[in-house]
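In what follows, a structure is listed as structure tokens, so that the remarks can point back to it.
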Amino acid sequence: MTQQIKPLNGIHHVTAITSSSPKIYEFYTNVLGMRLVKKNVNQDDISTYHLFFADDLGNPGTDMTFFDFKGIGPHQIGTNDISRTSFRVPDDAALEYWLKRFDHYEVKHDPIIEQFGRNVIYFEDFDGQRYALFSDQNDEGIASGEPWYKGPVPNEYAITGLGPSFIRVQSAELMENVLVEIMQMRKVANEGNFTLYEMGQGGNGASLIIEVDSDSPRARQGYGGVHHVAFRVDDRAHLDAWEDYFNSLGHRNSGFVDRFYFKSLYIRLYPGILFELATDGPGFIDDQEDYEILGETLTLPPHLRHQKEYIETQLPHFDTVRSDKVFEKEYFD
């Protein structure tokens with residue numbers, strides 16, 4: 001019998017790939033109303049931006065991040081892929097607001113549907129990156145974050161965190177073994193080709209939705225696709241316990257990785273799918289930026305700061321200063 005270990009707490013962040021850092025900044029800032037809390041670099045490829053969009057404080061469970069790898073082609077939709085990222089909004093009235101907002105900004109979207117007892121809108125960005133907005137109206141489980149109070153979306157309708165991540169797979173049996181037997185999540189419900197799994201306290205912020213697709217070719221990574229999804233652990237001790245657990249089962253993993261803003265571990269347990277475990281702290285407010293100016297300058301973890309001048313020559317500059325701007329809250333008739 002598989003040993004028991006303290007559960008994962010929920011979705012920590014999702015990291016995706018964009019064709020343009022300036023364009024994804026504009027989309028997330030001006031359309032989605034999420035706050036850029038760190039303008040960083042990929043710590044394994046310093047010629048690549050790593051942008052972190054989140055709630056007002058950069059709370060864990062609210063963070064959507066992007067790489068802009070040079071020369072990468074478009075994502076090829078298929079199976080064995082993290083296929084859609086979702087966000088949480090407070091209630092069904094917020095979804096009605098977002099239909100009007102998407103129409104105003106000419107964002108491609110579907111009508112509201114119901115999925116696993118929650119109302120949902122599917123939509124896309126300029127790269128064809130696939131998203132959903134989940135209403136928290138009927139949600140019970142892990143709490144969400146906060147709106148970006150100084151952003152353009154009214155607080156009562158704003159995105160407050162990450163919702164379920166969607167994963168499309170060829171083998172439902174293999175993925176169920178990964179999630180239930182290894183990751184110790186709970187199988188909750190089925191709807192057609194979709195199965196809902198939960199971890200920790202459950203709810204929109206602690207769920208995966210698995211879609212079975214055994215016919216499509218395997219997806220190919222590129223811009224407009226997701227790189228990995230990360231799950232929340234409390235702290236270094238919780239992370240180390242999961243590393244020991246994976247090692248005891250013989251599952252190869254990255255071991256401890258210090259990302260400065262959180263501590264991590266990476267593991268592949270299903271073909272084509274990269275999972276990360278990440279600690280809730282220390283967070284994005286640090287010695288380089290306070291609350292007021294989060295995301296306004298290029299910031300680097302300590303081990304890269306001595307290369308800052310060189311790194312800046314490798315990255316196209318774009319303006320992310322917002323502390324000198326006022327975003328009017330936008331309402332639509």
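A few remarks follow.
- Scan of segment 34-56 for residues that are in contact with a Phe, Trp or Tyr (Cβ under 6 Å, 6 or more places away or on another chain) and under 23 Å from Phe327 (Cβ atoms), ordered by number: Met34, Arg35, Leu36, Val37, Lys38, Leu51, Phe53, Asp56
- Verdict on Thr65 being more than 26 Å from Ser216 (Cα to Cα) and of a type in the set (Ser, Thr, Tyr): yes
- Some residue of segment 205-227 being buried (at least 19 other Cβ atoms within 10 Å of the Cβ), in contact (Cβ under 8 Å) with a residue 12 or more places away in the chain and more than 28 Å from Asp68 (Cα to Cα): no
- Scanning segment 260-284 for residues that are loosely packed, with under 15 Cβ neighbours inside 10 Å and farther than 30 Å from Glu173 by Cβ gives Gly281, Pro282.
- All positions within segment 124-157 that are over 15 Å from the mean Cα position of the chain (by Cα), crowded, with 22+ Cβ neighbours inside 10 Å and under 23 Å from Gln201 (Cα atoms): Ser135, Asp136, Pro147
- Criterion: of a type in the set (A, V, I, L, M, F, W, C), farther than 27 Å from Lys108 by Cα, buried (at least 21 other Cβ atoms within 10 Å of the Cβ) and within 17 Å of the chain's Cα centre (by Cα) - qualifying residue of Leu57, Leu51, Leu32, Leu8: Leu8
- Test for Tyr266: is it touching a residue at least 24 places away in the same chain (Cβ under 8 Å), touching a Phe, Trp or Tyr at 6+ places or on another chain (Cβ under 9 Å), within 30 Å of His238 (Cα to Cα) and among the aromatic types (Phe, Trp, Tyr): yes
- Exactly one residue out of Glu146, Glu156, Glu140 is in contact (Cβ under 8 Å) with a residue 60 or more places away in the chain and touching a Gly at 6+ places or on another chain (Cβ under 7 Å), and it is Glu140.
- Within segment 299-333, considering residues that are among the hydroxyl-bearing types (Ser, Thr, Tyr) and assigned to a loop (DSSP other than H, G, I, E, B), the one farthest from the chain's Cα centre (by Cα): Tyr331
Quick note: the coordinates plus some simple rules give every number you see, no bench work behind them. What you see is a predicted model, and the numbers here were worked out from it, not measured in a lab. Here Cβ is always computed from backbone atoms with ideal geometry, including for glycine, and neighbour counts include all displayed protein chains.
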